[in-house]
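Engineer: Got a structure for you, questions after.
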Amino acid sequence: MSALLEVVLPVFIVIGFGYVMVWRGLFSEEGVDLLMKFSQGIAIPALLFLALARLDLSQDFHFPLLLSYYSGSILVFLLGMFGARVIFGRVWTDAVAIGFVAMFANSVLLGLPIMERAYGPDSLAGNFAIVALHAPFCYLVGVTAMEGVKAGRVAPHILALAVGRALSRNALTLAIGAGFVVNFIGLGIPVVVEDGIALLARAALPTALFGLGGVLYRYRPEGEVRVIAMVLILSLIVHPAIGWVMGSQILHIPSDDLKSVVITAAMAPGANAYLFANMYGAGRRVAASSVLVGTGVTVLTSSIWLIILG
């Protein structure tokens, strides 16, 4: 438990600092918007580009491992989206954003450190395989669904064009694609350029977390408690449970891979969940509050999953 607290509490401190600074009028809400634009449009794309450009694509990506994790992602997305629409009567754009929040686990900021502390640095191969596809997969699902509900009943090729346009304007997906291209063709990045990108990348997580704290002051969870509870049940309980059943009972993946699947799936929604909601202006209060509350609840739920895994 103390190890988990050492991972989670620094995250809370940065988020809380942003909240207090905006609450006390020491940092303006307009400043928060600009900070989130920097984080979403520059720093996080730099982080994703470098991570994928440096990734060892020759490592073994086990399809059963990926299927165990991402089948849960799809099911949780659908449950969250239709639950928000049918049970809570949210408009379709809000419903898609809420489904995205339930699907997008904090695979890096929480998943990697918790896995390493629990099972050692040699246990992370499965986590890295999941992380490599995480943002591209989730954004492809989320953007496709969002553009679909915005476009209404249109021909498939028109929907495909709309999705393509949205992805081509998204800095995160562009950075992911560029990173894969640079990696695949073996294009070397000049050291001074790489160091400059790395400087931007190091700003990604703290600026996103600080900005999220300011956003939480604006989008507090009044009136959204039941929706937030649904999101957290899906992300912290249902998603890892699906991964555990798929991995251990159906696909019979190795124990190390199973741990990577379950621990990654058991993480709270990540900051990108809010970034997606903010990008479309939908479900932002649910997204921001789910990230904050879920991060705290993860201390308890991830401990239970660690006990189950042994």
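Engineer: Which pairs have Cβ atoms under 6 Å, sit 6 or more apart or on different chains, and link a residue in the stretch 220-233 that is open to solvent by 50 Å² or more (accessible area, probe 1.4 Å) to one that is at pLDDT 85 or above?
Structural biologist: Within 6 Å, the pairs are P221/I228; P221/S289.
Engineer: How many of the residues in the stretch 165-203 are modelled with pLDDT under 80 and exposed (fewer than 13 other Cβ atoms within 10 Å of the Cβ)?
Structural biologist: Residues that pass the stated criteria total 3.
Engineer: Out of the residues in the stretch 1-32 meeting the condition of being of a type in the set (F, W, Y) and modelled with pLDDT of 90 or more, tell me which one is farthest from L205 (Cα to Cα).
Structural biologist: W23
Engineer: Here is a further query. Could you give every pair whose Cβ atoms fall below 8 Å, whose first residue belongs to the stretch 20-49 and is in contact (Cβ under 8 Å) with a residue 12 or more places away in the chain and part of a helix (DSSP H, G or I), and whose second residue is open to solvent by 20 Å² or more (accessible area, probe 1.4 Å) and polar (S, T, N, Q), counting only separations of at least 6 or pairs across chains?
Structural biologist: V22/S28; L35/T207; M36/N278; F38/T207; S39/T207; Q40/N278; A43/T207; I44/N272
Engineer: Would you check which residues across the stretch 89-134 are open to solvent by 10 Å² or more (accessible area, probe 1.4 Å), among the aliphatic types (A, V, I, L, M) and in a helix (DSSP H, G or I) and list them?
Structural biologist: V108, L109, L112, A118, A125, V131, L133
Engineer: Could you say whether any residue in the stretch 60-73 is buried (at least 16 other Cβ atoms within 10 Å of the Cβ), under 14 Å from the mean Cα position of the chain (by Cα) and polar (S, T, N, Q)?
Structural biologist: Yes, the stretch 60-73 contains a residue that is buried (at least 16 other Cβ atoms within 10 Å of the Cβ), under 14 Å from the mean Cα position of the chain (by Cα) and polar (S, T, N, Q).
Engineer: Further, regarding this structure: In the stretch 50-88, what residues are over 30 Å from A151 (Cβ atoms), touching a Phe, Trp or Tyr at 6+ places or on another chain (Cβ under 9 Å) and either polar (S, T, N, Q) or part of a helix (DSSP H, G or I) (or both)?
Structural biologist: Matches in the stretch 50-88: A53, Q59, S68.
The values are calculated or read from the model by the stated rules, or taken from the named source; none is laboratory data. Being a predicted model, the structure only gives us computed values, none of them experimental. Note: ideal-geometry Cβ built from the backbone for every residue, glycine included; neighbour counts use all protein chains shown. The area values use the complete protein model at the heavy-atom level, side chains included, leaving out ligands, DNA and RNA. Shrake-Rupley method; radii C 1.70, N 1.55, O 1.52, S 1.80 Å.
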